Structures are given as structure tokens and as C-alpha cells.
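Written below as C-alpha cells is the structure these notes are about.
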């Protein structure tokens, strides 16, 4: 941890991205018997650095289960703001489809992207990416170029996590409603919901 912080400071100004922060602190709630308190000491070092660093290192972290993070990590001065990122809206989903079609060398204008976005209502950005990948596999298996029908078929065969884990998503949205700031502007489709950190 100390080495990582020194590297971040040595290349400053920099943005330090910590993905799925709660997983790196997984052993924090234990008694200290299993790891001799190593996790607690590493966490303490990170907290102190967040509070006292003088180098221009802007720290951004993501968490899927923010309610499992210790309160002392979330206070102002360590992380100054908590944003909630919900599932993408229809226009955001259309943009995500466009990005991934282009990324895989396909012209988005050859697809009814708005129709795909409408059909993918409960899909996350990562799930939309995998829809495109699966569609490419299906087209390859047929020996043809990717078509709208491949993506539609993949959509109809896929159950998004927001449906599978509906209760967890609802709990997270309720938790975030009064504790966070929305990461994107509200659209009618969101119906006042905020989203996932």
C-alpha cells in the first residue's frame, strides 16, 4: 500500500482509480485473528494518506456495496463526494451500443440502435458490451456479418442482473436516495430513482 501511494505521488498530478473498494477492505470486520490485523493496519495507512496527502493525487473509487464500507472512510476530507450511478437511460444505452459496435469495427448506422436501447431497458453498460460480443459470436458461428437479428436474439436470451438481483438493486437505490448525488441528469425513464455507486 505504501509503495502504491509513493508511486501515485511520484507521478502527480494524477488520478488514482480504486475499483471495487469494498473488496480490498473485505477482511476489515474480522477479529484480526485470521490476518493478525494486517487489513486494519493497511486500511489505517490508506485513511491517513487520504486525509494528509499533499501531492495532487485525485482519488476516485467505485463500490458496488457502499453500505459495507466503514463510516470513517466516507467522511468529508477523505472522499469529498459520493455519486450514485444508476442503470443507463435509453439515450445512454444507445450511446453504449454505438461505442461497442464501433469498438468492434461495425458501423452503428447499420443497426437500429434506438430499438436495441429500448429492448435493453434493465441492462448495465457492461451487460450491453457483452450483448455485442455474444452477437458477434453468433454471427461468426453462422459465417455471416453481425446483423440486428443477432443482437435482438442475444437480448431476448439474456437476463440482466438488475432483474435477477431486483431486491438488492431496490435496496441500494433506496439507500442512495438521500445519501448521494446522482452522477447523471435525470430523465423521465428514471422516475426519480438514483442509481448504483
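Side notes on the structure shown:
- When the test is whether a residue is under 26 Å from residue 163 (Cβ atoms) and without any contact (Cβ under 8 Å) to a residue 60 or more places away in the chain, residue 132 passes it.
- Residue ranges of helices (runs of 4 or more DSSP H) in region 30-123 with at least 2 members touching a helix residue (DSSP H, G or I) at 6+ places or on another chain (Cβ under 9 Å), more than 30 Å from residue 168 (Cβ to Cβ) and modelled with pLDDT under 95: 38-52
- When region 165-197 is filtered for residues that are modelled with pLDDT of 85 or more, outside any loop (DSSP other than H, G, I, E, B) and loosely packed, with under 15 Cβ neighbours inside 10 Å, the ones remaining, listed by number, are 166, 167, 168, 170, 171, 174, 177, 181.
- Residue match in region 151-159 (condition: in the same structural domain as residue 98 (by TED's automatic domain parsing), in contact with a strand residue (DSSP E or B) (Cβ under 6 Å, 6 or more places away or on another chain), part of a helix (DSSP H, G or I) and in contact (Cβ under 8 Å) with a residue 40 or more places away in the chain): no
- Among the residues of region 8-24, the ones that are exposed (fewer than 12 other Cβ atoms within 10 Å of the Cβ) and more than 21 Å from residue 66 (Cα to Cα) come to 3 in all.
- Within region 163-177, residues that are in the same structural domain as residue 120 (by TED's automatic domain parsing) have Cβ atoms under 7 Å from residues that are modelled with pLDDT of 85 or more in these pairs: 163/122; 169/162; 176/84, counting only partners at least 6 apart in sequence or on another chain.
- Long-range neighbours under 7 Å by Cβ, at least six apart or interchain, first residue within 17 Å of residue 181 (Cβ to Cβ) and outside the structural domain of residue 23 (by TED's automatic domain parsing) within region 62-76, second surrounded by 14 or more Cβ atoms within 10 Å (Cβ to Cβ) and modelled with pLDDT under 85: none
- Qualifying residue in region 80-92 (condition: free of Cβ contacts under 8 Å to residues at least 12 places away in the same chain and within 27 Å of residue 22 (Cα to Cα)): yes
- Failed item in (1) in a loop (DSSP other than H, G, I, E, B); (2) buried (at least 18 other Cβ atoms within 10 Å of the Cβ); (3) modelled with pLDDT of 95 or more, with residue 144 passing the rest: (2)
The values are calculated or read from the model by the stated rules, or taken from the named source; none is laboratory data. Please read all numbers here as calculations on a predicted model, not as lab measurements. Virtual Cβ from ideal backbone geometry, glycine too; neighbours counted across all protein chains shown.
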